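Here is the structure we will look at, set down as structure tokens.
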Amino acid sequence: AYVVAEPCIKCKYTDCVEVCPVNCFYEGANFLVIHPDECIDCGACEPVCPTKAIFPESELPAQWKEYQALNTDLSGKWPNIAEKKAPLPEAEEYKDKTGKRAELST
Ligand code: SF4
Ligand code: F3S
């Protein structure tokens with residue numbers, strides 16, 4: 001499955017949602033996750049994310065390994081999102097920031 005990692009936090013551009021053929025994205029207050037059992041590994045979402053937050057599980061950078069479990073856990077708790085919406089107001093400001101893990105609202 002594909003995994004959403006830290007760069008999405010406080011941005012949530014939702015371009016990924018629009019291209020996913022199986023609607024397997026789930027939405028929190030300031031982050032999205034992918035349901036690992038629903039993702040069909042099509043790869044459509046990876047290139048459209050403006051923050052480059054999405055990776056195939058096998059290519060998830062080591063410093064973001066934790067996000068694999070976060071996608072699994074949070075996709076079971078959060079509501080599905082099937083339509084693109086406006087990014088968060090602070091998206092441009094946070095797009096290239098690192099160290100956003102503590103800001104993740106669960
Ligand atoms: Fe959806 Fe394809 Fe991305 Fe999986 S890889 S989340 S199926 S767009
Ligand atoms: Fe997040 Fe990128 Fe989607 S910022 S909402 S993973 S397009």
Name, by its number, the condition in (1) of a type in the set (Ser, Thr, Tyr); (2) closer than 18 Å to Ala1 by Cα; (3) in contact with a Leu (Cβ under 8 Å, 6 or more places away or on another chain) that does not hold for Thr106.
(2)
Of the conditions (1) within 14 Å of ligand 2 (Cβ to nearest atom); (2) out of contact with any strand residue (DSSP E or B) (no Cβ under 6 Å at 6 or more places or on another chain); (3) more than 14 Å from Gly28 (Cα to Cα), Ala82 fails just one. Which one is it?
(3)
Of those in region 29-54 that are farther than 16 Å from Tyr94 by Cα, more than 10 Å from ligand 2 (Cβ to nearest atom) and in contact (Cβ under 8 Å) with a residue 40 or more places away in the chain, the residue surrounded by the fewest Cβ atoms within 10 Å (Cβ to Cβ) is Asp41
Exactly one of Glu83, Glu93 is under 24 Å from Val19 (Cα atoms) and among the acidic types (Asp, Glu), and that one is Glu83
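Every number here is computed from the coordinates shown, using simple stated rules; none is lab data. Just so you know, these numbers come straight off a predicted model, no measurement behind them. Methodologically, a virtual Cβ is constructed for each residue, glycine included, from the backbone with ideal geometry; neighbour enumeration extends over all protein chains shown.
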